[in-house]
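Participant: My structure is below; once you've seen it, I'll send some questions.
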Amino acid sequence: MKYAQWGTRSIFFLTFLIYFLTISNGYKTHPLITSISTYPPFDSLIPLKATKINITYSEPIIIFSRNITIFQYFAATGFRLLRQTYPASAGFTKLSSDNKTLTINIFDSTFNKPNSIYHIIVESDAVRRKDTSSEPVLGIQDNVWNVTTGYRTVDSNEIIREPVIAFIRLSSEGTEKFNSLDESGKSNFINNLGKELAFIVPVEENHIISLNRYQKDQRTKKKRILIAYKIGSINNNADANTKDIMNDLQALIIHGESTLVSNLEYTKNLDITYGIVKKRNIFRDNKIQLILLIAAYIICLFLLTLMVYHLNRKADIGVILKFIIALVAFVFYTVYTCENAQNVEKLALASGLLLVLPFVIKLSLGLLIIIYDSRKDNSFYGWVNKNKTITFFFIFLSGVDLNAIVVLGKLFHSPLSVRAIKWSIAIECVGLFLRDLPILAVLMGKFKRDKQHTKKTLANIYIPTTEELDCFKDKRTSKSIKKAIINWINHLEEFRAQAGYFNGFVKVSTLSINKSTQRKPS
């Protein structure tokens, strides 16, 4: 009996000892799953921007519902910044074929800082035993599975320091909240949202600069708010890679439910399905294609001119070239209207009307000219019947430019009357005032709007240092240069005041420069 009691106590003691040892070694596992291994191992290096880690158990498991969390740890302050957290069953984990290795997917924004410490925590019941018991497996405690990222090995030529303009979009709830604010409240909302985005990356605040610009997204049913930010460093900081910041923000926002985005006061108002979108710049993003397009256009124009001259030496080359240029301009304006005009609510309707109405009116007038001339001239009527396809094609092109009627008469030797040609030219001259000048006004209105916003945020672009301001106190600096600098600083202060900023240092420096420029009369 005593031996039986001793045996029972021994088994209980050994079981407790195994459980204690697993906890003391950092593995809080089920007592019967006595060993696990991890990649990367405890207190080891992990590649920068690593996208997978894994845990291998000694027995088969199944995925369950508790969280797997990663923090960035700042040793100097003891602060922990949440990088990602999600239930093991959320779809970001995967089991191996033998059901013993759990692979955990990592967001691109998680291990994003070189030479930084990260804590990986696996909660109890994140996985369970794959047997009839399905008992929860205890997890890995905080400050046990710690890893350190390596140094950046990217070629310096691959680092993009030039800032870009990017847009984020508010959710339906965020849009309602934003629209309920006055202009001052909206400005504070945009500024604080930018600060929170910089906090969760994390980067310095001057790498995500508020432009105080927003607009309605016309592509959404409820016209959600788009907000613009300048992403990158205003001083070309060597540590600020614009591409990395953009990629981190994209990962953080689209996985917003599993990052700090959904937990902070302002970022929780973001539309996580939109992410962050870089402002399109046709000339910057398609330089080679545009150069090739322009070259091809010039070559085609030259060849077409030679062909026209060869077919008909008496043809009016000037009218034909004007028509070709008008056709190209129409194509470009159509592309502009489809791509950009709808982004500005007040200009969308005007741009659409200025595109459609002139086309319809000119098309109708071109058709009337052809019908009128064919009734008056039997020879032209007969020519139209023989060349219906060409005639209807040029009638359609007359919606772009009525000189298409003139080209029809000159190029194909159609017996079009001189009166019809004069009418076409006269209507095109009237169209200059009814269509082209209003289009120019619309484009200038958009340019003026952008320019006003640029002025409002000029102070965010560059702030002179003490040394740069003091150099203008030098006696060798000309009086005209000093006055120009003073005027520039005064404008800078005015713009900063309009944007809600204040910089006493610049004002003090301005006074010192003013004193240095005041000379005693000789």
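Participant: Can you confirm whether VAL277 is modelled with pLDDT of 90 or more and either charged (D, E, K, R) or farther than 19 Å from LEU211 by Cβ (or both)?
Facilitator: Details: modelled with pLDDT of 90 or more: yes; either charged (D, E, K, R) or farther than 19 Å from LEU211 by Cβ (or both): no.
The answer is no for VAL277.
Participant: Another question, if that's okay. When you scan region 101-115, how many residues do you find that are surrounded by fewer than 18 Cβ atoms within 10 Å (Cβ to Cβ) and touching a strand residue (DSSP E or B) at 6+ places or on another chain (Cβ under 8 Å)? Give the steps one after another, and end with the answer.
Facilitator: Step one: filter region 101-115 for residues surrounded by fewer than 18 Cβ atoms within 10 Å (Cβ to Cβ), giving 101, 103, 105, 108, 114-115.
From what is left, the residues that are touching a strand residue (DSSP E or B) at 6+ places or on another chain (Cβ under 8 Å) are 101, 103, 105, 114-115.
Within region 101-115, residues that are surrounded by fewer than 18 Cβ atoms within 10 Å (Cβ to Cβ) and touching a strand residue (DSSP E or B) at 6+ places or on another chain (Cβ under 8 Å) number 5.
Participant: Being out of contact with any helix residue (DSSP H, G or I) (no Cβ under 8 Å at 6 or more places or on another chain) and surrounded by fewer than 16 Cβ atoms within 10 Å (Cβ to Cβ) is the filter here, so list the residues in region 170-198 that pass it.
Facilitator: Selection gives SER172, GLU176, ASN179, SER180, ASP182, GLU183, SER184, GLY185, ASN188, ASN192.
Participant: Let me ask something else. I'd like the residue in region 384-401 that is assigned to a helix (DSSP H, G or I) and of a type in the set (Val, Ile, Thr) and, out of all such residues, is farthest from the chain's Cα centre (by Cα).
Facilitator: So in region 384-401, the residues assigned to a helix (DSSP H, G or I) come out as 384-386, 388-397.
Checking the rest, the ones that are also of a type in the set (Val, Ile, Thr) come to 384, 389-391, 395.
Values: VAL384: 53, THR389: 46, ILE390: 46, THR391: 46, ILE395: 42 Å.
Residue satisfying both the conditions and the ranking: VAL384.
The values are calculated or read from the model by the stated rules, or taken from the named source; none is laboratory data. All figures in this text were calculated on a predicted structure; none of them were measured in a lab. Don't worry about glycine lacking a Cβ; one is built from the backbone with ideal geometry, like all the others, and counts go over all protein chains shown.
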